[in-house]
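Every number here is computed from the coordinates shown, using simple stated rules; none is lab data. Predicted model, so just to flag it, every value in this text is computed and none were measured. Heads up, the Cβs are rebuilt from the backbone with ideal geometry, glycines too, and the neighbour counts pull from every protein chain shown.
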Amino acid sequence: MYSIERAGYNVMVSDLLEKNATQADRESRVDIADWLIRELKASTTCEQPQTSKVANSLTGEEKTLTCLGSINSAVYSLIDKLDLVSATTGKQLRTQIN
């Protein structure tokens with residue numbers, strides 16, 4: 001039998017979704033990342049960037065990413081290390097908005 005601990009991994013399981021997900025969340029198969037992003041967006045106010053060519057070219061996902069990244073820049077590292085892609089387009093997320 002394979003042991004995750006023996007392989008050097010420290011695994012922790014959260015019951016956050018079990019305790020907090022709505023029935024609609026369960027039916028939509030919301031995962032922990034979806035739930036956390038939604039809750040962070042709801043509890044965080046980010047100032048919208050000034051109107052500029054760059055700001056106007058951002059997608060909704062990129063605006064959210066910029067907001068969350070301003071709270072904790074580790075978000076960008078996670079996106080890059082895990083090669084996360086857009087849920088909307090399937091394309092790689094831009095972690096540097098120029």
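When 64, 45 are sorted by how many other C-beta atoms sit within 10 angstrom of their C-beta, beginning with the fewest, the order is 45, 64. With neighbour counts taken as other beta-carbon atoms within 10 Å, the residues 13, 75, 85, 30 rank, fewest first, as 13, 85, 30, 75.
Note on the range 6-45: Cα Rg divided by 2.2 N^0.38 Å, N the number of residues, gives 1.47.
Extending 7 Å from the Cα toward the beta-carbon at both residue 5 and residue 89 defines two label points whose distance is 4.5 nm. Here the simple spin-label model places points 7 Å from the Cα toward Cβ, and for residue 13 and residue 45 these points are separated by 4.0 nm.
Note on residue 91: aspartates and glutamates with a C-alpha under 19 Å away, same-chain residues under 8 apart excluded, are 34, 61, 62, 80, 83. Between the beta carbons of residue 36 and residue 80, assuming R0 = 22 Å, the FRET efficiency works out to 0.75 to the nearest 0.05.
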